[in-house]
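J.: Got a structure for you, questions after.
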Amino acid sequence: MPQTMTAENLYQNLKQMPAEERQKFFGILSANAFQNEDMSHEQLFGQLAHDTFTAAEAMEYLEVSQSTFRRFVASKKLIPASTIGRSQMFAVPDLKAFKKALNTARRVEPLAHSSL
């Protein structure tokens, strides 16, 4: 009975390929990955709706520095969904809403200064 191809098997086979063949493979893969699919945002990222990010992932997602992120948490503008040991985890929906509010505030702020 033939063995079912798994992601781990594929990875092990890719590691054994010569570098030039791996480059060809990834070129073919990237050219054909979503060729005939118009996927919605929900289809691509829907699995993240119930996920959590670490503080480092949240900083990257929000595009803020570590000090700015810590200030948001200290002032309770951002509240961790859970804490595991010393690690704070942030709910993706909360981060998404916060980022939207942050971007709105950034757009409004230059307008307020231009009227001075």
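J.: Could you tell me how many of the residues in the stretch 71-80 are open to solvent by 70 Å² or more (accessible area, probe 1.4 Å) and not in a helix (DSSP H, G or I)? First the steps, then the outcome.
T.: Here is the first cut: in the stretch 71-80, the residues open to solvent by 70 Å² or more (accessible area, probe 1.4 Å) are 71, 74, 76-77, 79.
So of that shortlist, the ones also not in a helix (DSSP H, G or I) come out as 76-77, 79.
Selection size over the stretch 71-80: 3.
J.: Every residue in the stretch 81-101 that is surrounded by 15 or more Cβ atoms within 10 Å (Cβ to Cβ) and over 23 Å from GLY46 (Cβ atoms), please.
T.: Hit for the stretch 81-101 is GLN88, nothing else.
J.: Please verify whether the stretch 89-110 includes one or more residues that are more than 19 Å from the chain's Cα centre (by Cα), at pLDDT 85 or above and assigned to a loop (DSSP other than H, G, I, E, B). Give the steps one after another, and end with the answer.
T.: To start, the set of residues in the stretch 89-110 that are more than 19 Å from the chain's Cα centre (by Cα) comprises 104-110.
Filter once more, so that each one left must be at pLDDT 85 or above: 104.
Applying the additional criterion that residues be assigned to a loop (DSSP other than H, G, I, E, B) yields none.
Checked against the condition, which is being more than 19 Å from the chain's Cα centre (by Cα), at pLDDT 85 or above and assigned to a loop (DSSP other than H, G, I, E, B), the stretch 89-110 yields no hits at all.
J.: Follow-up. What number of residues in the stretch 26-70 are part of a helix (DSSP H, G or I), at pLDDT 90 or above and not β-branched (Val, Ile, Thr)? Write out each step before concluding.
T.: Taking the stretch 26-70 as the starting set, the residues that turn out to be part of a helix (DSSP H, G or I) are 26-32, 41-50, 55-62, 66-70.
Still in the list and also at pLDDT 90 or above: 55-62, 66-70.
Then drop every residue that is not not β-branched (Val, Ile, Thr), which leaves 55-62, 66-67, 69-70.
Adding up the residues that qualify gives 12.
The values are calculated or read from the model by the stated rules, or taken from the named source; none is laboratory data. Nothing here was measured: the structure is a model prediction, and the numbers come from that model. No Cβ is skipped: glycine too gets one built from the backbone with ideal geometry, and neighbour counts run over all protein chains shown. With ligands, DNA and RNA removed, areas are computed over all heavy atoms of the protein, side chains included. Shrake-Rupley method; radii C 1.70, N 1.55, O 1.52, S 1.80 Å.
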